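The values are calculated or read from the model by the stated rules, or taken from the named source; none is laboratory data. Keep in mind it's a predicted model, so treat the numbers as computed, not measured. Virtual Cβ from ideal backbone geometry, glycine too; neighbours counted across all protein chains shown.
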Amino acid sequence: MGEAKLKVELLTFTPEPAITAATAAHLCYAGIDIEELKKKVSPEYAKKLIAHLAKAGHFSPLEHASFTFAIEGISRACSHQLVRHRIASYSQQSQRYVKEKGFNFIVPPKIKADEKAYKLFLDSMEKAEKAYEELLKTAKAEDARFLLPNATETRIVVTMNTRSLYNFFERRCCSRAQWEIRALANKMLELCKQAAPDLFAAAGAICEKLGYCPEKETCGRYPLKKDALKGND
Ligand SMILES: Cc1cc2nc3c(=O)[nH]c(=O)nc-3n(C[C@H](O)[C@H](O)[C@H](O)COP(=O)(O)OP(=O)(O)OC[C@H]3O[C@@H](n4cnc5c(N)ncnc54)[C@H](O)[C@@H]3O)c2cc1C
């Protein structure tokens with residue numbers, strides 16, 4: 001049993017993802033056949049076209065490029081938030097078939113920073129582990145797992161297309177999103193930007209797209225909508 005750390009790897013993605021998405025978009029607008037289409041979309045043109053699509057809100061061509069991530073060191077609380085994003089494919093380590101041997105867990109940084117709270121947290125993990133292992137002597141893992149806390153570490157493989165990733169980043173890279181899924185989203189965004197910079201040039205928290213903060217309170221990165229649009233009436 002011990003504390004787990006976030007680890008995210010980009011396992012694989014659509015080859016030439018920007019060209020693939022731009023080729024699909026160009027087909028919509030150009031009256032040409034496939035052979036001609038394949039020759040027409042250079043990396044420079046793909047970059048321009050993707051920037052245009054993002055600005056115009058024509059996101060469907062971005063669905064043709066997908067990215068697969070392997071994630072570990074997140075809590076079951078976080079994976080529950082992640083799988084609410086329905087436009088994706090998931091494979092998560094089973095608590096029915098995999099017995100948690102001395103299970104690992106995630107500690108919220110604010111709890112770790114508070115000595116008393118941290119001690120309470122660790123004691124509670126130890127108790128949960130003991131009870132889980134005791135129960136496993138007589139019960140199946142699928143029943144014993146009911147004792148496991150939200151903090152239990154999980155591993156998951158996620159595939160999302162670029163459009164869904166844009167939506168995920170808009171919501172979860174926002175500084176008002178919960179800290180654990182925000183850390184995960186920021187790491188995934190970093191990996192996407194490394195792998196396909198042109199495709200993800202406009203991706204990020206919703207304020208990056210709008211140029212203002214749509215929340216009730218801003219983190220300070222962008223002004224609130226009412227302040228940003230002042231003088232435009
Ligand atoms: C800060 C924050 C707080 C949250 N708090 C809560 C909470 O308190 N309780 C809670 O239950 N959830 C909460 N959520 C989760 C949230 O409601 C969404 O379930 C989650 O963010 C997934 O977003 P999504 O539906 O856009 O993504 P996806 O499921 O990937 O869907 C992508 C897009 O496809 C379209 N779509 C998908 N399915 C449908 C459908 N059935 N009908 C019509 N259009 C569809 C929508 O346009 C949607 O935006 C919170 C999310 C955030 C970011």
For Leu165, state whether it is surrounded by fewer than 18 Cβ atoms within 10 Å (Cβ to Cβ) and either modelled with pLDDT of 95 or more or outside any loop (DSSP other than H, G, I, E, B) (or both).
no
Subset tally (residues that are more than 10 Å from the ligand (Cβ to nearest atom) and either among the β-branched types (Val, Ile, Thr) or more than 8 Å from the chain's Cα centre (by Cα) (or both)) for the stretch 176-186:
3
Any idea which of Leu62, Leu53 is more than 15 Å from the ligand (Cβ to nearest atom), surrounded by 16 or more Cβ atoms within 10 Å (Cβ to Cβ) and either within 25 Å of His26 (Cβ to Cβ) or among the acidic types (Asp, Glu) (or both)?
Leu53
Are there any pairs, at least 6 apart or on different chains, whose C-beta atoms fall under 9 Å, with the first in the stretch 85-109 and at pLDDT 85 or above and of a type in the set (S, T, N, Q) and the second in a loop (DSSP other than H, G, I, E, B) and within 16 Å of the ligand (Cβ to nearest atom), and if so, which?
Gln92/Val83
I need the helices (runs of 4 or more DSSP H) fully contained in the stretch 1-103, keeping only those with at least 1 residues that are closer than 18 Å to Ser164 by Cβ.
17-29, 43-56, 76-82
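Hey, can you tell me all the residues within the stretch 206-216 that are over 19 Å from Ala51 (Cβ atoms) and without any contact (Cβ under 8 Å) to a residue 24 or more places away in the chain?
Filtering the stretch 206-216 for residues over 19 Å from Ala51 (Cβ atoms) gives 212-216.
Once the filter is applied, which keeps residues that are over 19 Å from Ala51 (Cβ atoms) and without any contact (Cβ under 8 Å) to a residue 24 or more places away in the chain, the stretch 206-216 yields Tyr212, Cys213, Pro214, Lys216.
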Quick one: which residue in Glu153, Glu142 is outside any helix (DSSP H, G or I) and more than 16 Å from the ligand (Cβ to nearest atom)?
Glu153
Somewhere in the stretch 24-34, is a residue touching a residue at least 12 places away in the same chain (Cβ under 8 Å), closer than 30 Å to Lys99 by Cα and within 28 Å of the chain's Cα centre (by Cα)?
no
In the stretch 168-205, which residues are crowded, with 18+ Cβ neighbours inside 10 Å and under 21 Å from Lys48 (Cα atoms)?
Leu189, Cys192, Ala196, Asp198, Leu199, Phe200, Ala203, Gly204
Within the stretch 73-98, tally of residues that are hydrophobic (A, V, I, L, M, F, W, C) and over 13 Å from Thr154 (Cβ atoms)
2
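State whether the residues of the stretch 217-228 include one that is within 15 Å of the ligand (Cβ to nearest atom), of a type in the set (S, T, N, Q) and under 17 Å from the mean Cα position of the chain (by Cα).
Looking only at the stretch 217-228, we keep the residues that are within 15 Å of the ligand (Cβ to nearest atom), and these are 217-219.
Pick out the ones that are also of a type in the set (S, T, N, Q) and you get 218.
Within this subset, residues satisfying the condition of being under 17 Å from the mean Cα position of the chain (by Cα) are none.
No, because not a single residue in the stretch 217-228 is within 15 Å of the ligand (Cβ to nearest atom), of a type in the set (S, T, N, Q) and under 17 Å from the mean Cα position of the chain (by Cα).
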I'd like to check something: does the stretch 141-152 contain any residue that is more than 16 Å from the chain's Cα centre (by Cα) and basic (Lys, Arg)?
yes
Could you list all residues from the stretch 200-215 that are part of a loop (DSSP other than H, G, I, E, B) and either within 21 Å of Phe69 (Cβ to Cβ) or away from the ligand (no atom under 12 Å from the Cβ) (or both)?
Phe200, Ala201, Ala202, Ala203, Gly204, Ala205, Gly211, Tyr212
Show the residue pairs that are 6+ apart or on different chains and have beta-carbon atoms under 8 Å apart, the first residue being within the stretch 175-199 and in a loop (DSSP other than H, G, I, E, B), the second being among the acidic types (Asp, Glu).
Arg176/Glu215; Arg176/Glu217
